[in-house]
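Worksheet: one structure, shown below.
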Amino acid sequence: MEFGPFLLLAVMEGLVGAAVLALTASGLSLVFGVMRVVNVAHGEFFMLGAVAAWFVSQWVPGPPGLAFAVALVACPLLVAGLAALADGLVLKRLAYEPEATIIATIGLLYILQQAALSLYGPEARPVPPPFEARLQLPWFGWSGYKLFVIGAAGAVLAGLWLLLSRSRIGLVMRATQVDRETATAFGIDVDRVYAATFALGAGLAAIAAVLIVPIQQAHYLMGGDPLLLSFIVVVIGGLGSLRGTLVAALLIGLSDGVISTFFEPTLAKILATLLVALVLVFRPQGLFGARA
Amino acid sequence: MLTLEGVDAGYGRVQVLRGLSFAAQAGEVTCVMGRNGAGKTTMLRAIMGQIPLTAGRIALDGQRLDGLPAHRIPRLGIGYVPQGRRLFGPLTVAENLEIGLMTRGHGARTRERVLDLFPRLRERLGQTASTLSGGEQQMLAIGRALCLEPKVMLLDEPTEGLQPSMIALIRDTVRTLRGMGVAVVLVEQRIEAVLELADRVAFVETGQVAETLPAADLTPAAPQFARYVGV
Ligand SMILES: Nc1ncnc2c1ncn2[C@@H]1O[C@H](COP(=O)(O)OP(=O)(O)O)[C@@H](O)[C@H]1O
Ligand SMILES: [Mg+2]
């Protein structure tokens, strides 16, 4: 293949990664922004979404499209419910103390991972895509499903944006993010806001996983990469800034796709980590974050 | 009526309020005076449920407030204008007011009344709160609390650092509230303002209300001012 089409292919592959990363990272960013909790178990919620999608694909009869539709709704809800439970059982009891919650979510990471290993096993298993369609370009053919992933992720992110900027729950979340005590003095039940935020953050990771699992198999250790990349994105974009998260996800996802295609996936990770180091040194508030 | 009886409260192991008793009546302005660090802000925070009591009780019209989850207290009709304003800075003026309206489920009518009281806010509804001038920020802090249609209004040094025209506007607002039958608790350090506005004055010293007097019994030369405020 010539360079031009090859680059186009790399960019398109990168866009798929960027779309899924934007979803996952916006969940991490939201939880950190509103709750000041660094959720180390975020990648495990992603993994649970993928594993749950595999179970759904086994249990729901009929065409793969139906099982996929069920998984796209049910798995994020299930994972969000689990996250709300973890919030009430663990984080709330630690009074959301930043250091304590880091340790606690590391513990949660291992619990969820081992639970998946016991229930799901060590195998990597594919989930059939909901439909087979090929997008035929003059130079190469491309999976229509990947195009769907980009579109679906874009739609969910647009919905998230509307939720945060236009809805009452979004307003309440933003007020809580600014000043938890004053929010309480105006009748906001911060415990409920935190449970909802933690659930939403985990649910976003699960949606990303359900979307990606027909392309990338479900495995109990699959949470590591999304966690690392989400951290990179959140640091570069600026902690707690959703716009920064989206821009950084696009940047990291695209460059990851392009560099992985032309060179090595490892090089892509090295460069991304280097970029994080540079941002931390020269612009610690992130590219879009407000100065603390 | 808002009452505090024998309240002990503080921060962790540091006790600040020591058997504090206080009352505020509907349709009256009760001014709270005392030196820096006497515990005035801590008293208001205890009323709002932001710090737990270790002894004593707080009640509004006979209903116990202490022990309630903090977010339930404003819903009973207590509007709070904290020291330093504590606006939601990145949110717009309209959104800050919306938070106040949501507290007790008030709607457009209440919002209009508040905006009629502070027309400057109406011109700036879409503006981010942190970009307002100091005086406008204080109007918004008061307006946000008025959106609760409160029975009790707690104002913690609302005129601190403001220019005279703004101070006059805030004093007018306090009088309006009194006229509406609200129980106003006003932490204020300026003697002339207290003498002009107050029905009652409570002097706070080391976490206690040391003395409460009708404002009519006080003059600028009253010994209480020298003793508790240090002028
Ligand atoms: N968050 C806090 N943690 C610990 N001590 C505090 C805190 N806030 C206030 N204090 C202490 O409580 C005492 C009373 O403070 P405060 O109620 O703010 O006084 P005032 O409003 O009368 O100036 C002071 O000694 C102050 O240092
Ligand atoms: Mg004070």
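The values are calculated or read from the model by the stated rules, or taken from the named source; none is laboratory data. In this text, all values refer to a predicted model and were calculated from it rather than measured experimentally. Backbone-built Cβ (ideal geometry, glycine too); neighbour counts: all protein chains shown. Heavy atoms of the whole protein, side chains included, go into the accessibility calculation; ligands, DNA and RNA do not. Shrake-Rupley method; radii C 1.70, N 1.55, O 1.52, S 1.80 Å.
So, of the residues in the stretch B:192-214 that are part of a strand (DSSP E or B) and farther than 10 Å from B:A38 by Cα, which turns out to be farthest from ligand 2 (Cβ to nearest atom)?
Looking only at the stretch B:192-214, we keep the residues that are part of a strand (DSSP E or B), and these are B:200-205, B:208-214.
Next cut, farther than 10 Å from B:A38 by Cα only: B:200-202, B:210-214.
Working: B:R200: 19, B:V201: 16, B:A202: 14, B:A210: 17, B:E211: 19, B:T212: 19, B:L213: 21, B:P214: 24 Å.
Checking each candidate, the answer is B:P214.
For the stretch B:71-89, state whether one or more residues are surrounded by fewer than 16 Cβ atoms within 10 Å (Cβ to Cβ), more than 16 Å from ligand 2 (Cβ to nearest atom) and not charged (D, E, K, R).
There is no residue in the stretch B:71-89 that is surrounded by fewer than 16 Cβ atoms within 10 Å (Cβ to Cβ), more than 16 Å from ligand 2 (Cβ to nearest atom) and not charged (D, E, K, R).
Filter the stretch B:19-38 down to the residues that are within 8 Å of ligand 1 (Cβ to nearest atom) and in contact with a strand residue (DSSP E or B) (Cβ under 8 Å, 6 or more places away or on another chain) and list them by number.
B:G34, B:R35, B:A38
If B:E136 passes every condition in (1) on the phi < 0 side of the Ramachandran plot; (2) acidic (D, E); (3) in a loop (DSSP other than H, G, I, E, B) but one, which one does it miss?
(3)
Go over the candidates B:T92, B:T41 one by one and state the one that is among the β-branched types (V, I, T), within 16 Å of ligand 1 (Cβ to nearest atom) and open to solvent by 10 Å² or more (accessible area, probe 1.4 Å). Talk me through it step by step, then tell me what you get.
Working: B:T92 fails: within 16 Å of ligand 1 (Cβ to nearest atom).
None of the other options fit; the residue is B:T41.
What's the number of the only condition in (1) within 10 Å of chain A (Cβ to nearest Cβ); (2) over 18 Å from the mean Cα position of the chain (by Cα); (3) open to solvent by 10 Å² or more (accessible area, probe 1.4 Å) that B:G107 fails to meet?
With respect to (1) within 10 Å of chain A (Cβ to nearest Cβ); (2) over 18 Å from the mean Cα position of the chain (by Cα); (3) open to solvent by 10 Å² or more (accessible area, probe 1.4 Å), B:G107 is out only on (1).
Condition check ((1) out of contact with any His (no Cβ under 8 Å at 6 or more places or on another chain); (2) free of Cβ contacts under 8 Å to residues at least 40 places away in the same chain; (3) aliphatic (A, V, I, L, M); (4) closer than 24 Å to B:G6 by Cβ) across all residues:
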| site | (1), (2), (3), (4) |
| --- | --- |
| B:R45 | yes, yes, no, yes |
| B:G79 | yes, no, no, no |
| B:Q83 | yes, no, no, no |
| B:L91 | yes, yes, yes, no |
| B:A94 | yes, yes, yes, no |
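Which condition from (1) of a type outside the set (D, E); (2) at pLDDT below 95; (3) outside any helix (DSSP H, G or I); (4) under 14 Å from the mean Cα position of the chain (by Cα) is the one that B:I170 breaks?
(3)
Do you know which residues across the stretch A:218-258 are part of a loop (DSSP other than H, G, I, E, B) and touching a Leu at 6+ places or on another chain (Cβ under 7 Å)? Break it down into steps so the answer makes sense when it comes.
Here is the first cut: in the stretch A:218-258, the residues part of a loop (DSSP other than H, G, I, E, B) are A:219-223, A:238-241.
Residues satisfying the conditions are A:Y220, A:G238.
What do you reckon, is A:V56 buried (at least 20 other Cβ atoms within 10 Å of the Cβ), closer than 30 Å to A:G144 by Cα and free of Cβ contacts under 8 Å to residues at least 40 places away in the same chain?
When the stated conditions are applied, A:V56 passes them.
If the requirement is being surrounded by fewer than 15 Cβ atoms within 10 Å (Cβ to Cβ), closer than 26 Å to B:G105 by Cα and away from ligand 2 (no atom under 16 Å from the Cβ), which of these qualifies: B:G12, B:G62, B:G6?
B:G62
Where residues in the stretch B:157-194 are open to solvent by 60 Å² or more (accessible area, probe 1.4 Å) and of a type in the set (K, R), which of them is nearest to ligand 1 (Cβ to nearest atom)?
The selected residue is B:R190.
Which of the numbered conditions does B:P74 fail, given that it passes all the others? Conditions: (1) more than 9 Å from chain A (Cβ to nearest Cβ); (2) assigned to a helix (DSSP H, G or I); (3) in contact with a strand residue (DSSP E or B) (Cβ under 8 Å, 6 or more places away or on another chain).
Going through the list (1) more than 9 Å from chain A (Cβ to nearest Cβ); (2) assigned to a helix (DSSP H, G or I); (3) in contact with a strand residue (DSSP E or B) (Cβ under 8 Å, 6 or more places away or on another chain), B:P74 breaks only (1).
Do we have B:L148 as outside any strand (DSSP E or B), more than 16 Å from ligand 2 (Cβ to nearest atom) and open to solvent by less than 50 Å² (accessible area, probe 1.4 Å) here?
The answer is yes for B:L148.
What helices (runs of 4 or more DSSP H), lying completely within the stretch A:126-200, carry at least 3 residues that are farther than 20 Å from A:A249 by Cβ, within 11 Å of chain B (Cβ to nearest Cβ) and free of Cβ contacts under 8 Å to residues at least 12 places away in the same chain?
In the stretch A:126-200, A:168-178, A:180-185 are the helices (runs of 4 or more DSSP H) which contain 3 or more residues that are farther than 20 Å from A:A249 by Cβ, within 11 Å of chain B (Cβ to nearest Cβ) and free of Cβ contacts under 8 Å to residues at least 12 places away in the same chain.
Quick one: B:M48 ticks every box in (1) over 16 Å from A:E181 (Cβ atoms); (2) modelled with pLDDT of 95 or more; (3) more than 8 Å from ligand 1 (Cβ to nearest atom); (4) not β-branched (V, I, T) except a single one, so which number is it?
Among (1) over 16 Å from A:E181 (Cβ atoms); (2) modelled with pLDDT of 95 or more; (3) more than 8 Å from ligand 1 (Cβ to nearest atom); (4) not β-branched (V, I, T), B:M48 violates only (1).
With B:L125, B:L117, B:L132, B:L140 as the choices, which residue is away from chain A (no Cβ under 11 Å), more than 21 Å from A:T184 (Cβ to Cβ) and under 20 Å from the mean Cα position of the chain (by Cα)?
None of the others qualify; the one that does is B:L117.
From the set of residues in the stretch B:15-58 that are among the basic types (K, R) and within 13 Å of ligand 2 (Cβ to nearest atom), which is nearest to the other protein chains (Cβ to nearest Cβ)?
The residue in question is B:R45.
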